[in-house]
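Input: a single structure, listed below in structure tokens.
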Amino acid sequence: MSGTQPTLAVEDLRTAFFTDKEIIRAVDGASFTIGPGETVGIVGESGSGKSVTARSIMGLVDSPGRILEGSSIEYRGEELVGKSEDAYRKIRGGDIAMVFQDPLTSLNPVYTVGNQIREAIRLHRGLEGAEARELAVELLEAVSIPDARRRITEYPHQFSGGMRQRAVIAMALACDPELLICDEPTTALDVTIQAQILELLQDLQDERDLSIMFITHDMGVIAEIADRVNVMYAGEIVESAPVGDLFDNPKHPYTQGLLESIPGRHPDEDRLRTIEGDVPTANEPARDCRFAPRCPEAFDACEAVHPVPVDVGQDHTDHAAACLLYPEGSTEEERVERHRQLGNAAERVIGGETDSNTDGEEPQTAADGSGGEHR
Ligand code: ADP
Ligand code: MG
């Protein structure tokens, strides 16, 4: 991917919800890129910050949430953080489209499916009448809906769950996006339909050179679809690798735990292995490893030093893990010191804005009251 401009470059994204009780750091310093035609997976248990990452990119963070100063989301080199709602409306749909877990959140029950696809076509491609209708039929055919010409006259409730999700994907494609963000699009579907939808997404990607950001809690799905994987835990990306490396050579104990709990991994055992405990709510700046309380490999320093991503790649693979067990080949003391120093350096870069204040208060970020409160 070197040399080409990424479709999306997310750098130190921090999105927090300022509730009466606490500041929830839903996304806490996430960085990743998505290249043209690439499928990048974001995987992690429920509550990891996957959906908030997606909504941040789409400019759809709800109050009391906001993207913190110092965060950057570049779409083909253009900064999205801080754009006006008007500017975002053009990007959403036209450049970046999103498919949610529940297709009914995207479909209006009182209009026919055809009506809704034609409306997306009108808004984003400026086509109306017979032209729009033909394109709507083509799109339904592209997502393998049989008898598309009749189907466009039907209402969402006349579609099965799998067909509805196909219709939503058709609506997303109506805008001819460069980047498609899929947030658990197959979670509500049974496995056969799920496999069909994954295959469909792959075919569409090949045809259209789409970049895809694919969110799931399911490692099996990630194995099917992703080129590259980011493992997310409590707002942070704890491991990032090409999909083959992640599965062959997982480094972070959290990733190892997720892989161990894939159904069928241990056919001789009748109980599914799981990682005990839950994802904690990140309501303080990270000063330790948020996974440490659940980690089978944790040692004392894990509760005192915040691990930062370090290179764990073999043979020049682009593979990083944020864990005090790495880099391999140095002593525990050296490793801990390295993470401490890298963490301190990162804190200096983000400066006075957030985490360097130890009192846990979120300082006001913009004198004019708007600059720091991107929505
Ligand atoms: P995931 O998609 O990985 O399951 P989310 O991105 O939905 O996780 O949520 C990450 C964290 O942000 C969770 O702790 C969740 O409770 C919190 N969160 C999400 N949306 C809101 C909101 N509107 N207000 C307050 N907290 C929220
Ligand atoms: Mg989610």
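The values are calculated or read from the model by the stated rules, or taken from the named source; none is laboratory data. This is a predicted model, so every value here is computed, not measured. For neighbour counting, all protein chains shown are included, and Cβ atoms are generated from backbone atoms with ideal geometry for every residue, glycine included.
Tabulated data
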read-out	value
All positions within region 308-332 that are touching a residue at least 60 places away in the same chain (Cβ under 8 Å), surrounded by 13 or more Cβ atoms within 10 Å (Cβ to Cβ) and part of a loop (DSSP other than H, G, I, E, B)	Pro309, Val312, Gly313, Thr317, Asp318, His319, Ala322, Cys323, Leu325, Tyr326
Single residue of Ala304, Ala298 found to be away from ligand 2 (no atom under 16 Å from the Cβ), within 22 Å of Arg338 (Cα to Cα) and in contact with an Asp or Glu (Cβ under 8 Å, 6 or more places away or on another chain)	Ala304
Residue among Asp206, Asp176 that is surrounded by fewer than 20 Cβ atoms within 10 Å (Cβ to Cβ), in a helix (DSSP H, G or I) and more than 19 Å from the chain's Cα centre (by Cα)	Asp206
Qualifying positions in region 29-82 - within 15 Å of ligand 1 (Cβ to nearest atom) and among the β-branched types (Val, Ile, Thr)	Ile42, Val43, Val52, Thr53, Ile57, Val61, Ile67
Residue selected from region 348-365 under the condition within 24 Å of Thr33 (Cα to Cα) and loosely packed, with under 15 Cβ neighbours inside 10 Å, by the criterion modelled with the lowest pLDDT	Gly351
Close pairs from region 261-280: first outside the structural domain of Phe291 (by TED's automatic domain parsing) and farther than 17 Å from Ile222 by Cβ, partner hydrophobic (A, V, I, L, M, F, W, C) and surrounded by 10 or more Cβ atoms within 10 Å (Cβ to Cβ), Cβ under 8 Å, at least 6 apart	none
Filter result (touching a Pro at 6+ places or on another chain (Cβ under 6 Å) and outside any loop (DSSP other than H, G, I, E, B)) within region 97-112	Ala97, Val99
Members of region 83-132 that are more than 16 Å from ligand 1 (Cβ to nearest atom), among the aliphatic types (A, V, I, L, M) and surrounded by 18 or more Cβ atoms within 10 Å (Cβ to Cβ)	Ile91, Ile96, Ala97, Leu107, Val113, Ile117, Ala120, Ile121, Ala132
3 or more residues more than 16 Å from ligand 2 (Cβ to nearest atom): qualifying strands (runs of 3 or more DSSP E) within region 211-293	236-242
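Residue-by-condition table, conditions (1) modelled with pLDDT under 95; (2) crowded, with 20+ Cβ neighbours inside 10 Å; (3) not assigned by TED's automatic domain parsing to the domain that holds Leu259:
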{"site": "Gly3", "(1), (2), (3)": "yes, no, yes"}
{"site": "Asp12", "(1), (2), (3)": "no, no, no"}
{"site": "Ala16", "(1), (2), (3)": "no, yes, no"}
{"site": "Glu22", "(1), (2), (3)": "no, no, no"}
{"site": "Gly41", "(1), (2), (3)": "no, yes, no"}
{"site": "Val52", "(1), (2), (3)": "no, yes, no"}
{"site": "Pro64", "(1), (2), (3)": "no, no, no"}
{"site": "Ile73", "(1), (2), (3)": "no, yes, no"}
